[in-house]
Amino acid sequence: FLQVEREGLESAEVKELGRVRMKAGLMDQQQMMMSPAPGVPDIIAQDYQGYVNSSSKFLTSICQKIANLQAQVRNLMQEQSALRAENDMLKQQLEQSRSELAQMQGLQGVGAPPPHPAPIGRPGSEIARMQGRQVAAPPYPAGRSGQVAKERQFVKKRQWKDNSKELHGIAISHDSTICASASWDGLVNMYNITDVDNASAKESQPRSLPEAPKMGGLYSVAFAKTAQTGSYILGCTSADKNVYLWNCGEGKLLHKLGGHEKAHTDEVNGIDFHGSQQVIVTSSDDTYAIIWDFAEASVLRKLPHSKTVYGATFLGLGSQKNSELEYMVATASFDKKSQIFDMRDKKVVWTLEAHNDDVIGIDSFYDSHVLATSSDDGMVMIWDYRKLQKTDSQKQQQPLAKLNVKEMTGSPDNEVKRVAFSKDGDMLAAACSCGQVQIFSGLSTLMPEKMVTLSENKNCVFDVSWGMNNGVHVLACASHDMTACLWTY
């Protein structure tokens with residue numbers, strides 16, 4: 001489309017050049033016809049000379065315009081040649097993708113769809129992205145050789161069935177040794193995942209937190225990111241309007257955040273721990289996201305919204321090059337928006353509007369400055385918040401990529417619940433209401449593409465969490481079928 005646009009512009013410039021030359025030629029003929037005959041009185045000759053002089057200046061300006069137009073035409077022709085060369089290169093890459101696709105038949109990972117006759121590779125995705133279209137997902141693990149795809153696949157290691165009601169939350173500890181699930185029955189079950197390949201039946205049994213105090217139905221669970229090895233602080237949010245903080249190792253309740261005027265006044269939906277500070281953010285149906293000092297159990301900030309806030313995530317560490325991100329927190333709301341706040345003054349720095357329904361999931365990866373949001377509209381939006389910093393906050397922000405998960409699942413009613421980045425930031429897992437987990441790769445290079453589909457649950461998968469155990473990726477999924485699945489890659 002760029003080539004057609006340039007050719008159209010060139011055509012318009014050439015037509016303009018023709019009109020200018022025609023006008024100049026007519027004026028030359030007119031000047032010859034108006035030349036004074038011999039014997040003309042002096043006063044008339046002077047008037048005529050003045051006319052000639054003014055005409056000469058006008059013709060000089062016309063000639064300059066012609067020269068400028070000729071230079072523009074030459075530049076456009078050079079750009080056209082460059083575009084044609086780029087088009088040829090993309091054709092070659094497309095042919096290479098077609099060849100790779102033919103070699104990779106039968107090498108898909110677990111749950112991947114069969115080979116598609118039409119090759120969809122990275123060059124095609126890039127062209128689509130340039131034109132503002134949604135990026136179609138390739139039918140194979142993009143960017144990986146057939147040999148790698150064959151050797152590395154997602155393998156289900158565990159499926160725990162220890163709850164009596166739906167699971168809404170799941171989390172893996174900072175050192176990837178414990179997996180904790182949160183259920184609507186008010187229980188948190190913890191599993192040892194140190195060695196998922198060789199764990200005994202006894203080690204596979206859950207360890208639950210004490211039943212006192214009794215917690216209401218749980219919506220989410222998360223581990224502190226600042227804890228030392230062997231120390232596990234866990235937070236969970238409840239329908240009873242409280243946030244509970246536990247020392248998992250000792251089975252001891254540290255704090256119950258709630259029950260006062262500064263706390264939440266409705267069901268608490270989400271929780272996230274800051275990467276370098278003793279701070280958490282919680283989100284609630286009361287339309288507030290609250291920033292807490294969890295060591296002191298005190299409220300630091302209350303961030304207002306117009307509707308239910310379902311999730312929140314911090315955007316940076318104080319040790320990063322851009323230390324300003326340490327103070328930024330992003331929220332997901334039922335007003336179909338995600339907002340990024342500066343916690344210092346509680347002001348909205350950016351508003352992200354791309355979804356058409358409630359925004360449920362939100363997660364960020366600090367190193368690549370990428371933010372992912374998911375919604376009941378069946379879409380996942382990928383945002384590069386480095387680019388947001390260079391844009392006027394009053395202008396509508398544009399996502400880096402739009403992932404149509406509803407279309408990928410083949411379920412017209414599919415909703416995307418929570419999302420999570422892998423520990424290296426290259427993969428993104430999206431929990432789906434149709435019972436699937438969609439995995440995307442290429443996030444670290446800001447070129448997301450569908451990688452594989454995991455289909456082991458019989459009901460809505462609501463939450464996902466990643467770990468890294470001895471160089472192996474670990475993925476945990478929580479479902480409304482009352483089970484938790486553990487995968488390795």
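The values are calculated or read from the model by the stated rules, or taken from the named source; none is laboratory data. Fair warning: this is a prediction, and the values are worked out from it, not measured in the lab. No Cβ is skipped: glycine too gets one built from the backbone with ideal geometry, and neighbour counts run over all protein chains shown. When the accessible area is computed, the model is the full protein with side chains, heavy atoms only, and any ligands, DNA or RNA have been set aside. Shrake-Rupley method; radii C 1.70, N 1.55, O 1.52, S 1.80 Å.
Could you identify the single residue in ASN457, ASN470 that is at positive phi, open to solvent by 10 Å² or more (accessible area, probe 1.4 Å) and not small (Gly, Ala, Ser)? None of the others qualify; the one that does is ASN470.
When we screen ILE280, ILE291 for residues that are more than 21 Å from ASP175 (Cα to Cα) and buried (at least 16 other Cβ atoms within 10 Å of the Cβ), the only hit is ILE291. Considering only residues in region 171-197 that are among the β-branched types (Val, Ile, Thr) and in a strand (DSSP E or B), the one that is surrounded by the fewest Cβ atoms within 10 Å (Cβ to Cβ) turns out to be ILE178. Scanning region 231-276 for residues that are closer than 18 Å to ILE172 by Cβ and of a type in the set (Val, Ile, Thr), we see that the one that is least open to solvent (accessible area, probe 1.4 Å) is THR237. Within region 421-433, which residues are of a type outside the set (Asp, Glu) and open to solvent by 10 Å² or more (accessible area, probe 1.4 Å)? Correct list: PHE421, LYS423, SER433.
A quick yes/no check of all residues on (1) over 22 Å from SER422 (Cβ atoms); (2) without any contact (Cβ under 8 Å) to a residue 40 or more places away in the chain; (3) within 14 Å of the chain's Cα centre (by Cα); (4) outside any strand (DSSP E or B):
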site: ASP335; (1), (2), (3), (4): yes, yes, no, yes
site: PHE341; (1), (2), (3), (4): yes, no, no, no
site: VAL349; (1), (2), (3), (4): yes, no, no, no
site: SER364; (1), (2), (3), (4): no, no, yes, no
site: SER374; (1), (2), (3), (4): no, no, yes, no
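Among all positions in region 388-402, there is at least one residue which is in a strand (DSSP E or B) and buried (at least 18 other Cβ atoms within 10 Å of the Cβ).
Of the residues making up region 413-428, not one is within 9 Å of SER444 (Cβ to Cβ) and not in a loop (DSSP other than H, G, I, E, B). When region 146-163 is filtered for residues that are open to solvent by 60 Å² or more (accessible area, probe 1.4 Å) and either over 11 Å from THR483 (Cα atoms) or at pLDDT below 90 (or both), the ones remaining, listed by number, are GLN147, LYS150, GLU151, ARG152, GLN153, VAL155, LYS156, LYS157, ASP162. When ALA295 is tested against (1) in contact with a Ser or Thr (Cβ under 9 Å, 6 or more places away or on another chain); (2) without any contact (Cβ under 8 Å) to a residue 40 or more places away in the chain; (3) part of a loop (DSSP other than H, G, I, E, B), only condition (1) is not met.
Where strands (runs of 3 or more DSSP E) fall wholly inside region 429-480, the ranges with 1 or more residues that are without any contact (Cβ under 8 Å) to a residue 60 or more places away in the chain and closer than 16 Å to LYS157 by Cα are 437-441, 472-479.
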